[in-house]
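First up is the structure itself, then whatever we jot down about it.
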Amino acid sequence: MSNMAQFTIATLGTLSWVLLSHGKIGEYPEPQSYPSNPRREWFEVLIIFILNLGSISYLIYSRYLNDYYYPSIRLLGFPITLHLVLVFTLPVIIELLLHRRSLSDLGFRLPLDWKPASALILFALVMGWIASHYDDPDLLGTKTMLWYLVTPSLSEEWLYRSVLQTKLERLTSIEQSWIISGIFFGLSHIPTDFFGPLWMASDMERGTALLRLFSQITYGWLFGVLYSKSRSIFPGVFAHYLSDFLPYFF
């Protein structure tokens, strides 16, 4: 099966899960309260997203297209890049220090509803199992596999669900928040899809890259709608890890 056929099927399959999750799996809780300063909240959403997109773009550009220096250090053997620092520290400063919001407000709690949480894990297991039949990745060490739990699994769920989607929900509605944040999530993968490692892996085919982008947007929608209903980041982190890296265990 061609790459384009795989991504077309994956996108349509994920979209069907989105519609099922939206209408049938669990209930939406009470929406977040409207912010006292919506203009400032919108500015924060845009600045967080733009800085994240810029930092990941330069990271991919410097690593894969040019031998440019990208600020990073190694801590206990793990690479701590400027991008990773921005992903965690900027939202912490804005949400926890300036707005005085709690970690619980940002999804660091057990699910309010286990049905959407379980549905997300099931989806990830299915997609990871399917991917294992098409991908044959090299085995990675335990240390590397543990690090992937931090980034991209935790880092992306933190940024796009806990932070941006929660802020967007205060500004719009629950449904609009996961639609917009899912689009943001997909757009953040443009650097890897169109000139980074995934671009190279798909033999630099524009059609495949575009379908991969659509697939990532639908992933963002699914993770977003089920995060909205569970109000917990933990199922999303685990599901993100399984859907991306389950093939490495086979």
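Being surrounded by fewer than 19 Cβ atoms within 10 Å (Cβ to Cβ), touching a helix residue (DSSP H, G or I) at 6+ places or on another chain (Cβ under 9 Å) and hydrophobic (A, V, I, L, M, F, W, C) is the filter here, so list the residues in the range 10-24 that pass it.
12, 15, 20
For the range 47-87, give me each residue that is among the small types (Gly, Ala, Ser), in contact with a Leu (Cβ under 7 Å, 6 or more places away or on another chain) and assigned to a helix (DSSP H, G or I).
55
Give me the pairs: first residue in the range 194-218 and over 26 Å from residue 16 (Cβ atoms), second residue surrounded by fewer than 20 Cβ atoms within 10 Å (Cβ to Cβ), beta-carbon distance under 6 Å, and six or more apart or on different chains, which are they?
From residues that are over 26 Å from residue 16 (Cβ atoms), the pairs are 196/64.
Would you point out which residue out of 153, 181 is touching a helix residue (DSSP H, G or I) at 6+ places or on another chain (Cβ under 7 Å), under 29 Å from residue 205 (Cβ atoms) and buried (at least 23 other Cβ atoms within 10 Å of the Cβ)?
On the way: 153 fails: buried (at least 23 other Cβ atoms within 10 Å of the Cβ).
Answer to the check: 181.
With (1) over 20 Å from residue 177 (Cα atoms); (2) over 20 Å from the mean Cα position of the chain (by Cα); (3) aliphatic (A, V, I, L, M) as the list, and residue 112 as the residue in question, which single condition is left unmet?
Result: residue 112 passes all but (1).
Under the condition of being part of a helix (DSSP H, G or I) and in contact (Cβ under 8 Å) with a residue 12 or more places away in the chain, which residue from the range 21-46 is nearest to residue 121 (Cα to Cα)?
First pass over the range 21-46, keeping only residues part of a helix (DSSP H, G or I): 21-23, 38-46.
Narrowing further to those that are in contact (Cβ under 8 Å) with a residue 12 or more places away in the chain: 21-22, 38, 41-42, 44-45.
Numbers: 21: 13, 22: 16, 38: 34, 41: 31, 42: 31, 44: 31, 45: 28 Å.
Checking each candidate, the answer is 21.
Report, by residue number, each residue of the range 36-77 that is aromatic (Phe, Trp, Tyr) and modelled with pLDDT under 90.
As a first pass, look at the range 36-77 and keep what is aromatic (Phe, Trp, Tyr): 42-43, 49, 58, 61, 64, 68-70.
If the condition is that a residue be aromatic (Phe, Trp, Tyr) and modelled with pLDDT under 90, then 61, 64, 68, 69, 70 are the ones that fit.
Look through the range 127-143, keep the residues that are in a helix (DSSP H, G or I) and touching a helix residue (DSSP H, G or I) at 6+ places or on another chain (Cβ under 9 Å), and return whichever of them is farthest from residue 76 (Cα to Cα).
Selected residue: 130.
From the residues in the range 64-87 that are buried (at least 16 other Cβ atoms within 10 Å of the Cβ) and either touching a residue at least 40 places away in the same chain (Cβ under 8 Å) or within 26 Å of residue 29 (Cβ to Cβ) (or both), which one is farthest from the chain's Cα centre (by Cα)?
Among them, the one singled out is 84.
What helices (runs of 4 or more DSSP H), lying completely within the range 187-250, carry at least 2 residues that are crowded, with 21+ Cβ neighbours inside 10 Å?
In the range 187-250, 190-194, 206-230, 233-245 are the helices (runs of 4 or more DSSP H) which contain 2 or more residues that are crowded, with 21+ Cβ neighbours inside 10 Å.
Which residue, of 180, 233, 190, is closer than 21 Å to residue 113 by Cα and of a type outside the set (Asp, Glu)? Even if it seems obvious, please write down each step before you answer.
On the way: 180 fails: closer than 21 Å to residue 113 by Cα; 190 fails: closer than 21 Å to residue 113 by Cα.
Just one listed residue meets the conditions, 233.
The values are calculated or read from the model by the stated rules, or taken from the named source; none is laboratory data. All of these numbers come straight from a predicted model, not from anything done at the bench. Methodologically, a virtual Cβ is constructed for each residue, glycine included, from the backbone with ideal geometry; neighbour enumeration extends over all protein chains shown.
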